[in-house]
Every structure is written in C-alpha cells, then in structure tokens.
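Peer 1: Okay, handing you the structure first.
The values are calculated or read from the model by the stated rules, or taken from the named source; none is laboratory data. This structure is a prediction, so every number in the text was calculated from the model and none was measured. With ideal geometry, Cβ positions are generated from the backbone for all residues, glycine too; neighbour counts draw on all protein chains shown.
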Amino acid sequence: MERIQRENQDSMDRIFQQVKSNSMGFQWIESRYFYIENNFKQTWINAEDTCRKMGGHLAAFQNQKELSAVTSKLHQDISYWVGITDREKEGEFVTASGNPPIFLTWNKGEPNNYGGNENCVNIWNGIMNDIP
C-alpha cells in the first residue's frame, strides 16, 4: 500500500511539474526541462538569479547529446550563459549549484582567462568559452 501511495505521489508531482513548466515556457529536451531566453541580455549573475527565481539554475549539461539537443533549439551566432563558473577560485570550475561540472566541451584555446577576468562560461554554436 505504501509503495502504491509513493508511486501515486511521484506521478502527481511529475504532472504538476509538467503543467507548471509548460505554462512558464520551459521545454522538455532529452531528460530535463530547459528554459531558453532569447529576448533579454543579462550578466551571468543576473541570469542565474532569474533562473533561481524560476526554481532552477543556469544549465550545466550532462553530456554531448544533451548539449547538442539544447543547442539545436538556440539561435545561431548568439551566445548563451551556461551554469558553470570559476568566480570563487580561478581555474576551478563549478556549476551554479556548487557541484563539479559533469561535462565540459571547450572551444580551442579555452578556458584561457583572457585579460585575467574571464570567470563565467557561455556557449556559442555549441562550444563553451570562458568570458567576463
């Protein structure tokens, strides 16, 4: 009986999240929901704050398949923030939630901390760069 109640609750939670996510503009891509912002430019800190207010974080990808699936939904030649930074300690990248990143795919020569102040990660045409 307890197992059935737990499964019922899990199903209800998934349905609630799906309804909530769809009404807020989230998209189901691969195995998770993503929110893709194409209208407002923000700093990394402000973008992460916006994501937290929506109940999440800037995205940190799990593998190349997930990154490619999300990238296929993005505008070409526009950069998007990724939930990875080395703001706390140079060269030690962590996700916005404070965990080590599972997957990174850097552009050639990146990360390079150009000018000594590149601490946030973006993707541009599916490749990661560190930028101010």
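Peer 1: Sort out which residues of the stretch 20-30 are free of Cβ contacts under 8 Å to residues at least 24 places away in the same chain and either closer than 15 Å to SER97 by Cα or among the charged types (D, E, K, R) (or both), and write them in order of number.
Peer 2: Hit for the stretch 20-30 is LYS20, nothing else.
Peer 1: Does the stretch 31-77 hold any residues that are modelled with pLDDT of 95 or more, over 17 Å from ALA96 (Cα atoms) and among the acidic types (Asp, Glu), and which are they?
Peer 2: Residue satisfying the conditions is GLU66 alone.
Peer 1: Do we find that ILE84 is within 26 Å of GLY115 (Cβ to Cβ), in contact with a Ser or Thr (Cβ under 7 Å, 6 or more places away or on another chain) and among the hydrophobic types (A, V, I, L, M, F, W, C) in this structure?
Peer 2: yes
Peer 1: Now for a separate question. Do you know which of the residues in the stretch 78-88 that are within 17 Å of ASN129 (Cα to Cα) and in a loop (DSSP other than H, G, I, E, B) is modelled with the highest pLDDT?
Peer 2: Out of the qualifying residues, it is ASP86.
Peer 1: Could you give every pair whose Cβ atoms fall below 6 Å, whose first residue belongs to the stretch 43-62 and is more than 16 Å from ASN119 (Cβ to Cβ), and whose second residue is at pLDDT below 95 and assigned to a helix (DSSP H, G or I), counting only separations of at least 6 or pairs across chains?
Peer 2: Pairs found: HIS57/CYS51.
Peer 1: Let me ask another. Just to be sure before I move on: is GLU92 charged (D, E, K, R), without any contact (Cβ under 8 Å) to a residue 12 or more places away in the chain, over 23 Å from PHE26 (Cβ atoms) and in a loop (DSSP other than H, G, I, E, B) in the structure I sent?
Peer 2: The answer is yes for GLU92.
For (1) exposed (fewer than 15 other Cβ atoms within 10 Å of the Cβ); (2) basic (Lys, Arg); (3) assigned to a loop (DSSP other than H, G, I, E, B), each residue gets a yes or a no:
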position: PHE40; (1), (2), (3): yes, no, yes
position: ALA47; (1), (2), (3): no, no, no
position: ALA60; (1), (2), (3): no, no, yes
position: LEU74; (1), (2), (3): no, no, yes
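Peer 1: Which of (1) hydroxyl-bearing (Ser, Thr, Tyr); (2) surrounded by 15 or more Cβ atoms within 10 Å (Cβ to Cβ); (3) assigned to a helix (DSSP H, G or I) does SER68 not meet, given it meets every other one?
Peer 2: (2)
Peer 1: Taking only the stretch 95-127 into account, find how many residues are at pLDDT 95 or above, outside any loop (DSSP other than H, G, I, E, B) and of a type outside the set (A, V, I, L, M, F, W, C).
Peer 2: Residues in the stretch 95-127 being at pLDDT 95 or above, outside any loop (DSSP other than H, G, I, E, B) and of a type outside the set (A, V, I, L, M, F, W, C): 2 in total.
Peer 1: Among the numbered criteria (1) of a type in the set (A, V, I, L, M, F, W, C); (2) surrounded by 15 or more Cβ atoms within 10 Å (Cβ to Cβ); (3) at pLDDT 95 or above, which single criterion is violated by PHE26?
Peer 2: (3)
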